[in-house]
Amino acid sequence: MQILDGKGLSDLIKSQLKEKVTAQVAEGKKRPHLAAILVGNDGGSETYVSSKIRSCEEIGYKSTLIRLENTITEEELLKQIKAINDNDDIDGLIVQLPLPKHINVEKVIESTDPNKDVDGFHPVSVGRMVAGLPGFLPATPNGIMKILEHYKIDTIGKECVVIGRSDIVGTPASILMSRNTNPGNATVTLCHSKTKNLKEHTLRADIIISATGIPNSVTAEMVKEGAVVIDVGTTRVPDASKKSGFRLSGDVDYVNVAPKCSYITPVPGGVGPMTIASLMLNTFQASQGK
Ligand code: GUN
């Protein structure tokens, strides 16, 4: 069994980006600039956004963090997004999800300039991904593809089971894994909350990608000997032994599943850091040609 070190790969990608930015600035070009909007103060979102801003600083990007109250109106949020769309110095924009219930997420996503959509959530980006055209790929699924590529994991013709059909992970991961690319070319089954007999599907899988956010829901008896297991879950569970009072739990019962796998991602240190590396790659891409 080999552990897929997402943290190490993310550090490598970020150091390569740092070199490129240093060279580009030496040539008199601008630094890539990422703007992040954080609404409210959800603990998980605070952590993710501060990691994204920290990564910008490490690489040498400019960053702008816009913090807004939980009570902000949809109209005011859309105004803030328009101001960023109109600001030529800003290359990429992310609005951290989830948003408060009174705000229409689709409206917010569609109001982002597709040229600054470094999360890859805009319908233009999704359409380009489905059509196999160049564009911004969503950060988490693209991070998974980068891990598979880096470790030269064979995906061609393999049975891949994706668990969870969210817009931002499961659905795009199923598309990227089935495209005629490498990694890709897998035979993909997308399982979700209405799937009957999940275990029947997972037991056939050469590659399992779990993105449900349900701790320990992928158990050893669901996994074939030698499978590759990618765990996207990062759920906060109470843990009195930690200073913070919680720890991060993946979807996979790691202790019992890992011995059966050929490869597995840990939580933390697997897919999470790769999400940030992909966002940094997209931000660099957004800044090019300026
Ligand atoms: N919430 C959970 N994952 C993500 C992500 O990749 N981007 C944004 N903007 N919000 C998220």
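The values are calculated or read from the model by the stated rules, or taken from the named source; none is laboratory data. Remember, it's a predicted structure, so these values are computed and weren't measured experimentally. Neighbour counts run over all protein chains shown; Cβ positions are idealised from the backbone, glycine included. Side chains are part of the model used for accessible areas, which takes the heavy atoms of the whole protein and leaves out ligands, DNA and RNA. Shrake-Rupley method; radii C 1.70, N 1.55, O 1.52, S 1.80 Å.
Note on Met1/Val130: beta-carbon distance plugged into 1/(1 + (r/R0)^6) with R0 of 41 Å gives a FRET efficiency of 0.75.
Per residue, what volume in Å³ does the convex hull of the Cα atoms of the range 76-129 enclose? Intermediate values should be presented prior to the final figure.
On the way: hull volume 3.9 nm³, N = 54.
Normalising the Cα hull of the range 76-129 by residue number yields 72 Å³.
Treating each Cα of the range 135-182 as an identical point scatterer and summing with the Debye formula, the log10 of I(q)/I(0) at q = 0.14, 0.22, 0.23, 0.29 Å⁻¹ comes to -0.31, -0.79, -0.86, -1.28. Run a plain Debye calculation on the range 247-290 (Cα atoms as equal point scatterers, no solvent) and give log10 I(q)/I(0) at q = 0.34 Å⁻¹, rounded to two decimals, same order as the q list. Those come out to -1.15, one per q.
Applied to the range 94-111, the Karplus parametrisation 6.51 cos²θ - 1.76 cosθ + 1.60 on θ = phi - 60° returns per-residue 3J(HN,Hα) values of 10, 10, 5, 9, x, 9, x, 4, 6, 9, 7, 4, 4, 4, 5, 4, 6, 7 Hz, with x for Gly and Pro. Under a point spin-label approximation (7 Å from Cα along Cα-to-Cβ), what is the Lys194-Ile66 distance to one decimal in nm? For the pair Lys194/Ile66, the computed spacing is 3.7 nm.
For the range 139-272, the Cα gyration tensor yields ellipsoid semi-axes of 23, 16, 14 Å (square root of five times each eigenvalue, largest first, whole Å). Solvent-accessible surface of the range 50-105, taken per residue with a 1.4 Å probe and all protein chains present: 54 Å². Computed over the chain, the percent of Cα pairs more than 35 Å apart is 18.
When the alpha-carbon atoms of the range 29-113 are used, the pair Rg, Dmax equals 12.8, 41 angstrom. If the label point is 7 Å along Cα→Cβ of Asn182, which residues in the range 133-170 have backbone nitrogen under 19 Å from it? Only 144-160 pass the distance filter.
Take the Cα radius of gyration of the range 1-145 and divide it by 2.2 N^0.38 Å, N being the number of residues; the result is 1.11. Here the range 214-276 and the range 144-158 have alpha carbon centers that stand 19 Å from each other.
Computing FRET efficiency as 1/(1 + (r/R0)^6) for Glu76 and Lys18, where r is the C-beta to C-beta distance and R0 is 25 Å, gives about 0.10. In the range 139-272, the portion of solvent-accessible area held by carbon and sulfur atoms comes to 52 percent [1.4 Å probe, whole percent, DNA, RNA and ligands not counted]. Between His102, His201, His33, the Gaussian network model of the chain with springs among Cα atoms under 10 angstrom shows the greatest mean-square fluctuation at His102.
Quick one: which of Lys116/Lys146; Lys146/Lys194; Lys29/Lys116 span more than 20 angstrom between C-alpha atoms? Beyond 20 Å: Lys116/Lys146; Lys146/Lys194.
Once the Cα atoms are used to define both axes, helix 74-85 deviates from the longest principal axis of the chain by about 80 degrees.
Residues Tyr61, Tyr48, sorted by accessible area with the largest first, give Tyr48, Tyr61 [1.4 Å probe; ligands and nucleic acids excluded].
The accessible-area ordering, largest first, of the residues Ser193, Ser55 stands as Ser193, Ser55, per a 1.4 angstrom probe.
Each residue of the range 184-192 was assigned a 3J(HN,Hα) from its phi angle through the Karplus expression (A = 6.51, B = -1.76, C = 1.60, θ = phi - 60°), giving x, 6, 8, 8, 9, 10, 9, 9, 8 Hz with x at Gly and Pro.
Report D for the range 217-290 in µm² per second (integer): Stokes-Einstein, Kirkwood Rh on Cα pairs, 4 °C, 1.567 mPa s.
On the way: Rh = 14.2 Å.
Taking Rh from Cα pairs, D becomes 91 µm²/s.
By the compact-protein rule of thumb, 2.2 N^0.38 Å, the alpha-carbon radius of gyration of the range 77-189 corresponds to a ratio of 1.18.
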